[in-house]
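The values are calculated or read from the model by the stated rules, or taken from the named source; none is laboratory data. Every value quoted in this text rests on a predicted model; they were computed, and no experiment measured them. Reconstructed Cβ throughout: ideal geometry from the backbone, glycine too, with neighbour counts over all protein chains shown.
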Amino acid sequence: MTNPSDPSGKARREFLRRLGGAAVACTGTLVGTGSLGTVPNAPKSDGAAAGSGSFPTKDYDWTKHRWAFGVDAAKCIGCLRCVEACKAENNVPGDAHHFNTWVERYVYLEGETGARVDSHHDPVNIAASGSEGEYRFANRYKDAKVEKAFFVPKLCNQCTHPACVQVCPTGATFQTKDGVVLIDDKYCIGCQYCVQACPYGARYFNASKGVSQKCYWCYHRITKGLQPACVEACPVGARVFGDRNDKQSPISLFIRNNRVQVLRPESGNAPNVFYVGIDKEVS
């Protein structure tokens, strides 16, 4: 998608250059060095935009990849290291109410038909952590009769048919050729139409910047052959990422070897985050 005032796409390339630079400045270095397992010999890049090369850098061809994400809820232990890693990597506000990725807890108690759902920004969980800058789940069900419980990591679904792109009046929200939906702060006017259009609650308004914000699957990392920060930080392998164009990539194997499902398929957005281990109440 090209902004009418920028037919050459130079502003898009500059945006990606700044996106990568901001993350490095925030953490001092990129979190970890693990590779995706799909670009084993990817040449290193300094993130500089190349006028005649591929977007976003001369070393990356966005027409050759089709990124996707997998979540195994049966493995997630609710440690929230993914949330902490994401905030550090992507300069997300440190309070408990702004996040690019989050984890929900689903608990079924004896005698109840529906699940009780909470996440790290629930007041009880904030009180248990003692600070909005620390994230944990309170042990509120220690004396209850729990029939079933599981954690569900959530993030932007990078939909194939993203409603957020359709409603953006300025082209600030756009879809890359490898399937990731990005936001260009230069064109965002803070109307929040995209926040309202997203059926997954994956977007929020950053009042300090006056723009909408969300998860980008760490685009500045994956275009250099690295994993998203949340995937690398997960101690149990509950998060899986890779290139669907590579039939032996972690995500291709995850989808092929499991009975996966997506959230709210009836929305028509065609999400690219695939889940196992969840039930019908997760949406």
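When Tyr60 is tested against (1) under 30 Å from Ala207 (Cα atoms); (2) of a type outside the set (Lys, Arg); (3) crowded, with 19+ Cβ neighbours inside 10 Å, exactly one condition is not met: (1). Per the listing Ala96, Ala144, Ala127, the residue uniquely free of Cβ contacts under 8 Å to residues at least 40 places away in the same chain, closer than 16 Å to Arg203 by Cα and not acidic (Asp, Glu) is Ala96.
Screening Cys194 against (1) under 15 Å from the mean Cα position of the chain (by Cα); (2) outside any loop (DSSP other than H, G, I, E, B) leaves a single unmet condition, (1). Which members of the range 158-176 meet the condition of being on the phi > 0 side of the Ramachandran plot and either within 15 Å of the chain's Cα centre (by Cα) or buried (at least 23 other Cβ atoms within 10 Å of the Cβ) (or both)? Residue satisfying the conditions is Gln158 alone.
Here Gly133 meets the list (1) under 20 Å from the mean Cα position of the chain (by Cα); (2) at pLDDT 95 or above almost entirely, failing just condition (2).
Comparison of Gly225, Gly179, Gly268 shows that the only residue that is at pLDDT below 95 and surrounded by fewer than 23 Cβ atoms within 10 Å (Cβ to Cβ) is Gly225.
In contact (Cβ under 8 Å) with a residue 60 or more places away in the chain, buried (at least 23 other Cβ atoms within 10 Å of the Cβ) and farther than 23 Å from Lys58 by Cα: is that true of Val273 in this structure? Criteria met by Val273. If we scan the range 209-229, do we find a residue that is more than 24 Å from Leu80 (Cα to Cα) and of a type in the set (A, V, I, L, M, F, W, C)? Among the residues of the range 209-229, at least one is more than 24 Å from Leu80 (Cα to Cα) and of a type in the set (A, V, I, L, M, F, W, C), which makes the answer yes.
The set of residues from the range 230-260 being surrounded by fewer than 21 Cβ atoms within 10 Å (Cβ to Cβ) and outside any helix (DSSP H, G or I) comprises Pro235, Val236, Gly237, Arg244, Asn245, Asp246, Lys247, Gln248, Asn258, Arg259, Val260.
Give me the residue from the range 83-126 that is part of a loop (DSSP other than H, G, I, E, B) and among the polar types (S, T, N, Q) and, out of that set, farthest from Pro235 (Cα to Cα). Before you say what the answer is, go through the steps one by one.
Step one: of the range 83-126, the residues part of a loop (DSSP other than H, G, I, E, B) are 91-101, 110-115, 120-122.
If we keep only those that are among the polar types (S, T, N, Q) as well, we get 91, 100-101, 113.
Numbers: Asn91: 22, Asn100: 19, Thr101: 16, Thr113: 32 Å.
Once the filter is applied, the top-ranked residue is Thr113.
Taking each residue of the range 60-81 that is charged (D, E, K, R) and looking for partners that are part of a helix (DSSP H, G or I) with beta-carbon atoms closer than 9 Å, six or more apart or interchain, yields Asp72/Phe254; Arg81/Cys230; Arg81/Ala233.
Only residues that are among the hydrophobic types (A, V, I, L, M, F, W, C) and touching a strand residue (DSSP E or B) at 6+ places or on another chain (Cβ under 8 Å): list them for the range 169-199, please.
Applying the first criterion (among the hydrophobic types (A, V, I, L, M, F, W, C)) to the range 169-199 yields 172, 174, 180-183, 188-189, 191, 194-195, 197-198.
Answer for the range 169-199, where residues must be among the hydrophobic types (A, V, I, L, M, F, W, C) and touching a strand residue (DSSP E or B) at 6+ places or on another chain (Cβ under 8 Å): Ala172, Phe174, Val180, Val181, Leu182, Ile183, Cys188, Cys194, Val195.
Annotation note: Cβ proximity below 6 Å between a residue of the range 167-178 that is within 10 Å of Ile189 (Cα to Cα) and a residue that is part of a helix (DSSP H, G or I) (sequence gap 6+ or interchain) occurs for Cys168/Cys194. All conditions in (1) at pLDDT 50 or above; (2) more than 16 Å from the chain's Cα centre (by Cα) hold for Glu84, with the sole exception of (2). Here the range 147-157 is the region considered, the condition is being touching a strand residue (DSSP E or B) at 6+ places or on another chain (Cβ under 6 Å) and either within 15 Å of Tyr204 (Cα to Cα) or free of Cβ contacts under 8 Å to residues at least 40 places away in the same chain (or both), and the residue that is surrounded by the fewest Cβ atoms within 10 Å (Cβ to Cβ) is Glu147.
Restricting attention to the range 209-222, and to residues there that are in a strand (DSSP E or B) and not aliphatic (A, V, I, L, M), which single residue is surrounded by the fewest Cβ atoms within 10 Å (Cβ to Cβ)? Show your work before the answer.
Initial filter on the range 209-222 (in a strand (DSSP E or B)): 211-213.
Adding the requirement that they be not aliphatic (A, V, I, L, M) leaves 212-213.
Values: Ser212: 24, Gln213: 21.
Filtering the range 209-222 for residues that are in a strand (DSSP E or B) and not aliphatic (A, V, I, L, M), the one surrounded by the fewest Cβ atoms within 10 Å (Cβ to Cβ) comes out as Gln213.
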